Amino acid sequence: MSKGRVEAFSDGVLAVIITIMVLEMKAPHGSGGEALRPLLPVFLSYVLSFVMVGIYWNNHHHLWHAVKHVNGAILWANLHLLFWLSLVPFVTAWMGENHFEQQPVALWGVVMLMSGVAYYILTVVLIRHHGPESALRAAVGSDVKGVMSVVIYAVAIMVSFANRWVALALYVAVALMWLVPDRRIERRTNA
């Protein structure tokens, strides 16, 4: 099967996710700067989630650049990833509206953890389909950054119940780790 429809569908879902997140930010009823102060947690939650969804979109784009064709298992693995990412607007709104309380911060981490696991599953299924000698397998390599991200998310979720600010700092650390796009696939496919 061709990969084009999967890429287009995924891009559309990610665009809707970002749109839903921004629509959750309601304009204040006042016109001064003081009216914006209560919205700061909502805005900061949005920024963190926007960056994370953007990172997933960027890496998904690079990953699909190396994909030649798809099968049913790949379709389901991709849908699994999109399912977890589709929960980002909900946990983002809950975390922002509740000013980074422990449980919303922990649940945001769970959604990010599961998104990371789903992305890993997608790469495994893609590599299995394309073969151990494929350019995709060579490009993905051992995926140290991906594994580290999942571990940091798991630690941050546990830490969130003791200190939500440390958990948030760990989430930001993962985002910073991925701000420089993963160029492994790009180097392999353009060489």
Among Ala173, Ala93, which is at pLDDT 95 or above, in contact with an Asp or Glu (Cβ under 9 Å, 6 or more places away or on another chain), of a type in the set (A, V, I, L, M) and assigned to a helix (DSSP H, G or I)? Ala93
Only one of Val53, Val16 that is open to solvent by less than 20 Å² (accessible area, probe 1.4 Å) and either assigned to a helix (DSSP H, G or I) or under 20 Å from Ile157 (Cα atoms) (or both): Val53
So, Tyr119, is that one open to solvent by 20 Å² or more (accessible area, probe 1.4 Å), within 26 Å of Thr19 (Cα to Cα) and either in contact (Cβ under 8 Å) with a residue 24 or more places away in the chain or outside any helix (DSSP H, G or I) (or both) or not? yes
Scan segment 72-80 and give yes if some residue there is farther than 22 Å from Arg164 by Cα, buried (at least 17 other Cβ atoms within 10 Å of the Cβ) and β-branched (Val, Ile, Thr), otherwise no. yes
Residue pairs qualifying under the 6 Å Cβ cut-off, at least six apart or on distinct chains, with the first in segment 86-106 being farther than 17 Å from Arg37 by Cα and the second being in a loop (DSSP other than H, G, I, E, B) and not hydroxyl-bearing (Ser, Thr, Tyr), are Gln102/Phe161; Pro104/Asn98
Taking the stated definitions as given, is Val110 closer than 18 Å to Leu176 by Cα and either open to solvent by less than 20 Å² (accessible area, probe 1.4 Å) or in a helix (DSSP H, G or I) (or both)? no
On the given criteria, is Val67 in contact (Cβ under 8 Å) with a residue 60 or more places away in the chain and assigned to a helix (DSSP H, G or I)? no
Collect the residues in segment 144-170 that are among the hydrophobic types (A, V, I, L, M, F, W, C) and in contact with a Gly (Cβ under 6 Å, 6 or more places away or on another chain), keeping them in residue-number order. Val150, Ala156, Ile157
Among Trp84, Trp64, the single one that is modelled with pLDDT under 95 and surrounded by 18 or more Cβ atoms within 10 Å (Cβ to Cβ) is Trp64
Identify all residues within segment 19-38 that are in a loop (DSSP other than H, G, I, E, B) and closer than 21 Å to Asn98 by Cβ; write none if there are none. Glu24, Met25, Lys26, Ala27, Pro28, His29
Long-range neighbours under 7 Å by Cβ, at least six apart or interchain, first residue under 13 Å from Leu82 (Cβ atoms) and part of a helix (DSSP H, G or I) within segment 2-13, second open to solvent by 40 Å² or more (accessible area, probe 1.4 Å) and hydrophobic (A, V, I, L, M, F, W, C): Val6/Leu75
Restricting segment 141-169 to residues that are touching a residue at least 60 places away in the same chain (Cβ under 8 Å) and surrounded by 15 or more Cβ atoms within 10 Å (Cβ to Cβ), the residue that is farthest from Met95 (Cα to Cα): Ala167
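The values are calculated or read from the model by the stated rules, or taken from the named source; none is laboratory data. These numbers were taken from a predicted model, which means no experiment stands behind them. Methodologically, a virtual Cβ is constructed for each residue, glycine included, from the backbone with ideal geometry; neighbour enumeration extends over all protein chains shown. Side chains included, ligands, DNA and RNA excluded: accessible areas come from the protein's heavy atoms. Shrake-Rupley method; radii C 1.70, N 1.55, O 1.52, S 1.80 Å.
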